[in-house]
Amino acid sequence: MKRFILAMCAVTLLAFIAFYLVWNHGVDLLLDSPEEISCEWRTHGKETQALSSEGWEPFTMRGVDLAGSVPGAFVSDYAVDEETYTRWFSEIQDMGANTIRVYMLMGDAFYRALSEYNEQADTPLYLLQGVYLDDYAAYSHMDAYDEGYFGSLRDGAKKVIDAIHGRLPLELRQVSGTGSYTVDVSSWVVGYALGVPWDTRAVAYTDSVDAEMAPYTGRYASSTQDSSAFESMLARLVDETVAYETQRYDEQRLIGIVNSPTTDPFEYPDRIAETFNKYASVDIEHLVGTDELHSGIFALYHVYPFEPDYARYLEPGEAPFCADADGNCYRPYLTALVEHHSCPVVIGEYGLSSSRGTGYAEDTTGRDQGGLSEREQAELMVQCYRDIVEAQCAGSFAYEWNDEWGRRTWNTVFATDQLRTPYWSDAQTVDQGYGILAFDPGEELPCCIVDGSDEEWDGIDPIISAHGSELFAQYDERYLYLKISGDDVAEGQRTIIPIDVTSMSGSTTACYLPDTEALSGILTYAELKVDATTLPLVFEQPADFMILFDGNDACLYVQERYDVTRAMMLMTVEGRDPYVSIPAKDSPLFKPVTMARTTLSLLALDQPLPTLDDGTIGLEKMENFQYDLTDAYASTGKLRQGNADPDSPDYDSLADYCYGDGVLEVRIPWQLLNFSDPSTMRVHQDYYEHYGVEDMSIDALSLGISVGGDNALSQDVVEMSELLLDGWDTEVTTHERLKPVFSALQEAWTGDAA
């Protein structure tokens with residue numbers, strides 16, 4: 001009896017080990033090669049095809065990128081539930097999409113929702129499944145053959161393959177995927193997108209340290225004799241990915257290799273390569289499938305309409321593309337990619353942001369990096385899609401389905417607490433506004449809609465009353481809202497609102513500079529006071545900011561000591577040290593709030609240093625040389641008049657203020673007031689005492705109001721009073737709203753599908 005019990009225990013243990021190896025580690029106990037491979041997707045020349053009852057037919061991927069994030073949670077929290085995913089799938093398909101792209105293994109709710117949705121849908125919604133490389137591996141010391149790099153990609157590919165086949169019973173990860181993956185969605189998976197836009201340094205390092213490595217030869221994929229070490233790594237990754245699914249599930253799918261303009265296959269002049277770090281390239285042409293690869297390989301490029309950012313600096317003949325007669329570089333660049341490749345080219349990301357903040361400017365087509373209204377976003381996204389179609393790309397994915405509050409952008413990342421970004425909406429950060437679906441504050445509506453109507457202000461007491469005018473305030477996860485009411489409140493009346501954020505800086509008197517005279521951040525009050533306009537009034541307490549409505553213009557000004565752009569971006573943009581000449585704590589100079597739009601290296605391309613006849617830099621000419629900074633900064637403090645009601649025919653998503661009958665409504669994004677995290681009411685401290693951005697908690701803002709005539713003010717001393725602040729921490733309230741880009745793409749996509 002004892003032997004029987006021991007034998008049964010041994011059998012049970014072996015069965016458990018076998019189950020664990022097969023389900024959790026992908027060990028295939030059937031070592032023989034499969035006799036027949038199922039393959040319903042393939043590449044054929046420069047197009048992708050799907051197998052139907054009629055045979056192979058062209059299939060153009062037309063879809064959206066989906067990250068799976070919602071306000072109040074990080075992506076790694078997997079906070080989106082099945083009900084939400086199902087609703088999104090319906091809306092995405094109604095828009096005309098046939099495919100969704102995800103970047104990594106999603107939470108198990110995503111795959112359950114996809115299965116449930118497609119089981120009931122007349123036409124399924126397909127999936128391009130991504131295989132992610134985390135930031136540590138992508139940007140660390142490793143070369144691409146390091147186990148932490150290649151191993152991460154290889155193991156990630158195996159995980160997603162098991163997951164989409166419903167054979168990953170338990171996965172608990174913070175980088176990608178969590179839950180129990182027991183639902184088989186493989187019949188709706190078009191293929192896999194391997195990797196991320198590659199870091200140039202990692203590619204160059206790999207190509208250098210592994211330069212003598214022979215090209216890779218595999219059963220399903222190989223690299224050519226012309227391949228680099230990094231490209232051979234990709235061939236190996238493709239081979240092992242296909243081998244795993246082929247041998248374990250008897251199936252093959254399309255394999256996409258992610259790439260971007262940073263590592264595109266073209267050669268550029270030295271000045272471009274040096275400025276834009278284009279010292280390495282990845283060419284998918286150096287990867288080839290063998291006869292045993294029945295599906296195929298395609299190139300998946302992330303290309304935004306303001307990219308490639310170096311195109312504007314190219315002379316005709318210096319690259320395989322140049323701007324067309326309308327100044328459009330986007331379509332010629334896409335065409336060059338398609339012509340270069342013998343495989344299909346799919347645009348994995350294209351998008352435009354409806355953020356208030358802005359970044360790099362696109363000089364000719366208006367497709368800037370941010371700063372677009374939602375209606376401009378809609379119109380220009382359709383133009384981008386048309387460019388992609390005209391370039392004969394094999395498919396495209398609009399970036400992205402929903403706005404992501406947790407995103408960051410190069411010219412604002414220093415100003416906010418990156419561990420708290422999901423808990424508030426930063427209208428100034430470009431990367432938070434790419435979505436087709438917006439998350440607006442409030443369960444049903446924001447606490448205030450800036451439209452000149454004051455119905456949302458019922459029951460709210462004024463902060464201060466002065467000389468017949470009253471100032472009210474309230475706030476939500478995106479804006480500080482102000483209402484000024486009184487008989488004198490009307491367009492054209494000069495109105496001033498001082499705001500005190502911190503006691504560490506500020507001035508009780510104010511002189512200000514117009515936009516055109518405040519471009520450079522290096523000059524202080526001592527150099528600029530002769531050009532400044534002095535206001536004939538005194539603030540009751542030192543103010544850090546001032547909102548000035550003067551005639552038809554309105555602007556938010558910052559006291560120069562509290563100017564974060566000067567402190568944090570002056571070296572990046574102008575190459576000047578902000579700590580050499582430090583503004584006084586009580587300086588009376590107020591400048592328009594600005595944000596950087598370029599860098600010193602780009603200014604140098606636009607405006608070469610003065611040279612002598614022999615081509616060398618003329619040092620004697622450098623003494624008085626200054627860059628033209630006209631486009632280096634955006635005057636983001638300039639306020640825009642309009643109606644911010646999404647239901648209004650006059651809707652302007654970028655509107656900052658609106659007049660009504662004796663009423664002026666204003667909204668100011670939190671970041672413009674130097675809040676690093678409004679959810680906990682933390683603001684910047686003194687930059688020059690802390691050598692950068694350090695934050696502190698506050699419990700109130702002090703505000704005042706002065707309403708006067710065209711040339712006079714209603715009082716000499718502007719009284720100020722406190723608005724008490726109480727953050728919401730992680731208790732975020734939002735509602736969904738489809739932006740105009742939804743209908744615009746719907747019309748374009750459904751028309752093409754017809």
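For region 237-327, list the strands (runs of 3 or more DSSP E) that sit wholly inside it and hold at least 2 residues that are of a type outside the set (Lys, Arg) and in contact with a Leu (Cβ under 8 Å, 6 or more places away or on another chain); which are they?
254-259, 297-302
Give the residue, chosen from 84, 60, that is farther than 23 Å from residue 162 by Cβ and in contact (Cβ under 8 Å) with a residue 60 or more places away in the chain.
60
List pairs: first residue in region 585-606 and closer than 25 Å to residue 501 by Cβ, second residue in a loop (DSSP other than H, G, I, E, B) and polar (S, T, N, Q) anywhere in the structure, Cβ distance under 6 angstrom, at least six positions apart or on different chains.
585/505; 588/509; 592/635; 593/636; 594/635; 595/411; 595/636; 596/411
Among the residues of region 201-243, what is the count of those that are among the β-branched types (Val, Ile, Thr), buried (at least 19 other Cβ atoms within 10 Å of the Cβ) and in contact with a helix residue (DSSP H, G or I) (Cβ under 9 Å, 6 or more places away or on another chain)?
The total comes to 3.
Name the residues in region 587-603 that are within 10 Å of residue 572 (Cα to Cα) and within 20 Å of the chain's Cα centre (by Cα), would you?
596, 598, 599
Looking at region 366-374, is at least one residue in contact (Cβ under 8 Å) with a residue 24 or more places away in the chain, not in a loop (DSSP other than H, G, I, E, B) and not assigned by TED's automatic domain parsing to the domain that holds residue 694?
The answer is yes; a qualifying residue exists.
Name the single residue that is surrounded by the most Cβ atoms within 10 Å (Cβ to Cβ) among those in region 681-720 being at pLDDT 95 or above and polar (S, T, N, Q).
702
Those residues that are touching a Gly at 6+ places or on another chain (Cβ under 8 Å) and of a type in the set (Lys, Arg), I need them from region 302-347; list them, please.
Answer for region 302-347, where residues must be touching a Gly at 6+ places or on another chain (Cβ under 8 Å) and of a type in the set (Lys, Arg): there is none.
In region 244-275, what residues are crowded, with 18+ Cβ neighbours inside 10 Å and in contact with a Gly (Cβ under 8 Å, 6 or more places away or on another chain)?
Of everything in region 244-275, those that are crowded, with 18+ Cβ neighbours inside 10 Å and in contact with a Gly (Cβ under 8 Å, 6 or more places away or on another chain) turn out to be 248, 253, 254, 255, 256, 257, 258.
Can you name the residue in region 729-741 that is hydrophobic (A, V, I, L, M, F, W, C) and crowded, with 18+ Cβ neighbours inside 10 Å and is also farthest from residue 379 (Cα to Cα) among such residues?
Top of the filtered list is 732.
Being surrounded by fewer than 20 Cβ atoms within 10 Å (Cβ to Cβ) and part of a loop (DSSP other than H, G, I, E, B) is the filter here, so list the residues in region 71-97 that pass it.
73, 74, 79, 81, 96
The values are calculated or read from the model by the stated rules, or taken from the named source; none is laboratory data. All values derive from a computational prediction rather than experimental measurement. So basically every Cβ, Gly included, is an ideal-geometry build from the backbone, and we count neighbours across all protein chains shown.
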